[in-house]
Protein chains: 2
Amino acid sequence: MRDKVIGIDIGGTNLRGAVVDREGVIHKRMKIHSEADRGIDKLIDNLAVCITDISQGEKIKDIGIGIPGIIDSKNGIITQAPNILNANDYPLRSALNDKLGKDLNIVIENDANNAALGEWWMGAAKDVKSMLMITMGTGVGGGIVLDGKLWTGADGTAGEIGHITIYPHGAKCNCGNYGCLESYASATAIRRMVHEGLDDKSLDTVLRKTTANVHVEDIPRIVTEAAVSGDEFSGSIWHRVGVALGIGIADLVNLLNIEMIVIGGGVSNAWDLFIGAALKEASARALRAPMKTVKIEQAYLQDDAGILGAAHLSLQSPE
Amino acid sequence: MRDKVIGIDIGGTNLRGAVVDREGVIHKRMKIHSEADRGIDKLIDNLAVCITDISQGEKIKDIGIGIPGIIDSKNGIITQAPNILNANDYPLRSALNDKLGKDLNIVIENDANNAALGEWWMGAAKDVKSMLMITMGTGVGGGIVLDGKLWTGADGTAGEIGHITIYPHGAKCNCGNYGCLESYASATAIRRMVHEGLDDKSLDTVLRKTTANVHVEDIPRIVTEAAVSGDEFSGSIWHRVGVALGIGIADLVNLLNIEMIVIGGGVSNAWDLFIGAALKEASARALRAPMKTVKIEQAYLQDDAGILGAAHLSLQSPE
């Protein structure tokens, strides 16, 4: 029985890896740039550096890796990963083993799925059997854990909570649909709502100054600061985020009757500004029994969720 | 190992029971009035009559029963069943064993869940691992089968596909929410859409004559006949049913990446009148990969789905 595995979380910017034991304790960790924008070969180099470094002195044969994209877990292939250059249909498992000159037991999975599994294993959902995680970041991702196992569906694409339709005639989403949860509860959505508001030249808001030329990922923090300082328009944006999230939560509760929904990602740092509206909306819409059961919790593990989920996936895989 | 079990499907009107073997073959069947409106005691009497009759000459110790309501399967209790008089919090399993003077292995489940399991076991979804069933009747019910097992959630209420929100500001649903799938794709919804249309006195439609004083369950058939005969308004109602269904299908596909969605229930007999709009809407909204995978099929087993699902549930239960 293996005592330790490696869990890795690949992002568009960072690559995080750690040696994790069966109890979920992180023994050694490393964070480097993923350089995903420089292409898959560069990413493989960086993966090899990370794995070689943290596994020094350990006999580790098992690695779990989370990737932002659509993954063919069974075959160890990245099907599609818009944030990694040239990574489509890339055989990550075999390429990484070739690079390392080894025959490691490598499992790969979507990063949002791993984050859900991590929160289920060691985080906010530690004591429940079934949970969903909603990750509110640049987009809105999700993962579904049923009876302690990821539900990834027929092709591994399940859990796209961000692409539930909230408002059928709503804002266009990156996916092509209209009115997705992602179009109302992501950093990208908040930026759009800010811009739409600013189009009204008579609108009095501090955001007119503070959001000019700001990166999309910084927008939620700025809108939070403004809302906390009493900027009414900023408060109304968070209210809209909450209402959309609440409609989505009601769908999930009615459909899956899960024990817990964990909400994480950078946008969720504004928790107090949207969770009230979300719970009010969800309670008004969901069926009474499953709504009474479900707990809605803030994510707990932050950046470690993906690493721990990847490690757990590796520990669950056949030896 | 048991060779045969009994599967029973209780409806507001009928009670259907059958002896079913491990291969899903129905050996003996019976259909009587459930008399659910006369109260749970009368229903228990009728259940006993059915079970005693069809099990004559057989050594059957296992029974699966489907009930229209919220079920506590673990404890064999009907939590809530609006269509059965005095059935709330009723210990069906123990009461039925008492009535029969036996100690049978009785499992109970929601009727829509059983129908889903039946279609998965012996019907339209026979060859897939994961599927959903949407039952379009007076209301819209649903059931979820993942890797060959019902997903019933933390309290047994999962699968309420009819109560996914399609239009957040849409028609009020019986459940208290607004714009549920049930408010656009059930017999009740179709009746409402007919009435709303007829409020416009200038609207020219044959429905003005044909739907007066008609029972809700007959409305879909009448609107179907009118649409087929070229009544434009009737055609537009089926189009609206299809669009709402398509929005719901896209949600389900994105969230669960299941292999098949089976659509049944009386309203679904108008298949050709709504499925085109449903598929068009779903394809426009769902993510490409899971939409390409999912098959959308008409239910196959009709009234036998519930019986076979109940029987399969019984066969799956511990001996």
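The values are calculated or read from the model by the stated rules, or taken from the named source; none is laboratory data. Keep in mind the model is a prediction, meaning the values are calculated, not measured. A quick note on method: Cβ atoms are made from the backbone with ideal geometry, for glycine too, and the neighbour counts reach across all protein chains shown.
Check B:253, B:216 and return the single one that is touching a residue at least 40 places away in the same chain (Cβ under 8 Å) and either surrounded by 24 or more Cβ atoms within 10 Å (Cβ to Cβ) or farther than 14 Å from residue B:191 by Cα (or both). Talk me through it step by step, then tell me what you get.
Working: B:216 fails: either surrounded by 24 or more Cβ atoms within 10 Å (Cβ to Cβ) or farther than 14 Å from residue B:191 by Cα (or both).
Every option except B:253 fails the conditions.
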Checklist entry - Is it the case that residue A:309 is modelled with pLDDT of 95 or more, more than 14 Å from chain B (Cβ to nearest Cβ) and crowded, with 16+ Cβ neighbours inside 10 Å? => result yes
Item to check | Residue within the stretch A:87-98 that is within 13 Å of chain B (Cβ to nearest Cβ) and in contact with a strand residue (DSSP E or B) (Cβ under 6 Å, 6 or more places away or on another chain) present | outcome: yes
Checklist entry - How many residues does the stretch A:241-264 hold that are in a helix (DSSP H, G or I) and within 12 Å of chain B (Cβ to nearest Cβ)? => result 13
Item to check | Among the candidates B:84, B:65, residue that is buried (at least 18 other Cβ atoms within 10 Å of the Cβ) and modelled with pLDDT of 95 or more | outcome: B:65
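Restricting attention to the stretch A:13-24, report how many residues are part of a loop (DSSP other than H, G, I, E, B) and surrounded by fewer than 15 Cβ atoms within 10 Å (Cβ to Cβ).
Number of matching residues: 3.
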Checklist entry - Of these, B:165, B:224, B:205, which one is under 23 Å from residue A:254 (Cβ atoms) and not hydrophobic (A, V, I, L, M, F, W, C)? => result B:165
Checklist entry - When the stretch A:159-179 is examined, which residues are found to be in contact (Cβ under 8 Å) with a residue 40 or more places away in the chain and buried (at least 23 other Cβ atoms within 10 Å of the Cβ)? => result A:159, A:161, A:164, A:166
Checklist entry - Name the residues in the stretch A:265-319 that are assigned to a helix (DSSP H, G or I), of a type in the set (Val, Ile, Thr) and more than 14 Å from the chain's Cα centre (by Cα), would you? => result A:275, A:293
Checklist entry - Regarding residue A:183, is this residue crowded, with 24+ Cβ neighbours inside 10 Å and either more than 18 Å from residue A:141 (Cα to Cα) or out of contact with any helix residue (DSSP H, G or I) (no Cβ under 8 Å at 6 or more places or on another chain) (or both)? => result no
Checklist entry - Looking at B:235, B:264, B:230, B:246, which is the one that is assigned by TED's automatic domain parsing to the domain that holds residue B:180, closer than 19 Å to residue B:205 by Cβ and in contact (Cβ under 8 Å) with a residue 12 or more places away in the chain? => result B:235
Next on the checklist: When you check residue B:88 against the structure, is it closer than 30 Å to residue B:174 by Cα, outside the structural domain of residue B:140 (by TED's automatic domain parsing) and either assigned to a loop (DSSP other than H, G, I, E, B) or over 23 Å from the mean Cα position of the chain (by Cα) (or both), yes or no?
Outcome noted: yes
Checklist entry - Going through the stretch A:271-306 one residue at a time, which ones are of a type in the set (D, E, K, R), within 14 Å of another protein chain (Cβ to nearest Cβ) and surrounded by fewer than 20 Cβ atoms within 10 Å (Cβ to Cβ)? => result A:280, A:288, A:292, A:295
Item to check | residue A:173 being under 25 Å from residue B:180 (Cβ atoms) and within 17 Å of the chain's Cα centre (by Cα) | outcome: no
Checklist entry - Cβ-Cβ below 7 Å, separation at least six or inter-chain, first residue in the stretch B:101-123 and hydrophobic (A, V, I, L, M, F, W, C), second in a helix (DSSP H, G or I) and surrounded by fewer than 24 Cβ atoms within 10 Å (Cβ to Cβ): which pairs? => result B:104/B:97; B:106/B:93; B:106/B:96; B:106/B:97; B:108/B:93
